[in-house]
1. Helices (runs of 4 or more DSSP H) wholly in segment 47-157 with at least 2 residues that are without any contact (Cβ under 8 Å) to a residue 40 or more places away in the chain and within 22 Å of the chain's Cα centre (by Cα) - which ones?
2. Keeping to segment 216-236, report how many residues are of a type in the set (D, E) and out of contact with any Lys or Arg (no Cβ under 7 Å at 6 or more places or on another chain).
3. Counting only residues that are surrounded by 13 or more Cβ atoms within 10 Å (Cβ to Cβ), charged (D, E, K, R) and farther than 19 Å from L147 by Cβ, how many does segment 175-192 have?
4. Filter segment 34-46 down to residues that are in a loop (DSSP other than H, G, I, E, B) and of a type in the set (A, V, I, L, M, F, W, C) and give me whichever is modelled with the highest pLDDT.
5. With respect to the numbered conditions (1) farther than 30 Å from E160 by Cβ; (2) at pLDDT below 95, which one is the sole condition not fulfilled by Y96?
6. Please go through segment 200-215 and give me each residue that is under 17 Å from L36 (Cβ atoms) and of a type in the set (S, T, N, Q), ordered by number.
7. Might you check whether a residue that is at pLDDT below 95, exposed (fewer than 15 other Cβ atoms within 10 Å of the Cβ) and basic (K, R) occurs anywhere in segment 150-163?
8. How many residues are within 22 Å of K193 (Cα to Cα) and in contact with a Lys or Arg (Cβ under 9 Å, 6 or more places away or on another chain) if we restrict to segment 69-85?
Amino acid sequence: MTLKKITNIVILIIVVTIFSSCNRNMKSSKFAEKGLLDEEIIIPNINCKETILQGIDSKVGSIKCEDVQLSYDYGRYSNKGPNSLFDSFQNTFKSYHYSNFFRIIGMDEKAYQSLKSRVKIIEAIPMVSFSDQTIIECKTCNAVAKLYFENKVFNYPYQENNDLVVSASQYQFDYFEENGWLYKRYKSLNDDKTIGLYVRAIDTKLHADALSILYMSDKDVQNAFDLIKSIRMKKSIIKNESNR
């Protein structure tokens, strides 16, 4: 047998092995059989048709409700949408803002860590859009976070990345919590072509997968936004409550 024939046989074996492996992985994917409407979400008062695509580590596909078609991705790495001041502050509060906040309101430093989880972030907005009094004067701060702690609301001023303050102002953001889920809805204020929804567990230790739904068109914008606002997750993931 010549060297060329041996080489061709080896290449053929490799190709067959790779194809078989990929085929097995696709068939065994836990996301391949049932769609979003079957198991995960509710869209009330409208008939929708779902097209399920093949996902490797997530559920992917599209949902068409009358003239509005939405694309979706449900998994651990779903698109979070445009970054907002709220998103950014949630991360930085856990890192260092919490200690500054507790210091300002006069809490015992030894209790900082244990009290951190009891602070609820209501919203974060640019300083130029804020007219109320803050808990401390800050001439260099460009954003304000409303924090709920011990039955009181505190207006906490802080410094945010200027580029984020500008980019976030190009979107309308809406957040709310329900049954253990945090819903983030957003809409572009510039082109009306980007409308989306991102839903994740409030406590990601209870549930790691998140939902991303996107609509990109300049047609039926208000209908699409109303449709996205009506979407709810089927399952409750409140701590100490069995998922249904």
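The values are calculated or read from the model by the stated rules, or taken from the named source; none is laboratory data. Being a predicted model, the structure only gives us computed values, none of them experimental. All Cβ positions, glycine included, derive from the backbone under ideal geometry; neighbour counts span all protein chains shown.
1. Working: elements: 85-92, 98-104, 112-115.
Correct list: 85-92.
2. Of the residues in segment 216-236, the ones of a type in the set (D, E) are 218, 220, 226.
Adding the requirement that they be out of contact with any Lys or Arg (no Cβ under 7 Å at 6 or more places or on another chain) leaves 220, 226.
Of the residues in segment 216-236, 2 are of a type in the set (D, E) and out of contact with any Lys or Arg (no Cβ under 7 Å at 6 or more places or on another chain).
3. Of segment 175-192, the ones surrounded by 13 or more Cβ atoms within 10 Å (Cβ to Cβ) are 175, 178-188, 192.
Restricting the remaining residues to those that are charged (D, E, K, R) gives 178, 184-185, 187, 192.
From the residues that got through so far, the ones that are farther than 19 Å from L147 by Cβ too are 178, 185, 187, 192.
Number satisfying all stated conditions: 4.
4. Narrowing segment 34-46 to residues in a loop (DSSP other than H, G, I, E, B): 34-35, 40, 43-46.
Okay, now just the ones that are also of a type in the set (A, V, I, L, M, F, W, C), so 43, 46.
On the way: I43: 95, I46: 90.
That would be I43.
5. Here Y96 meets the rest and fails (1).
6. Result: S212, single match.
7. Filtering segment 150-163 for residues at pLDDT below 95 gives none.
No - not one qualifying residue is present in segment 150-163.
8. As a first pass, look at segment 69-85 and keep what is within 22 Å of K193 (Cα to Cα): 69-74, 78-85.
In the following step, the residues that additionally are in contact with a Lys or Arg (Cβ under 9 Å, 6 or more places away or on another chain) were identified as 70, 72-74, 78, 80-81, 84.
So the count comes out to 8.
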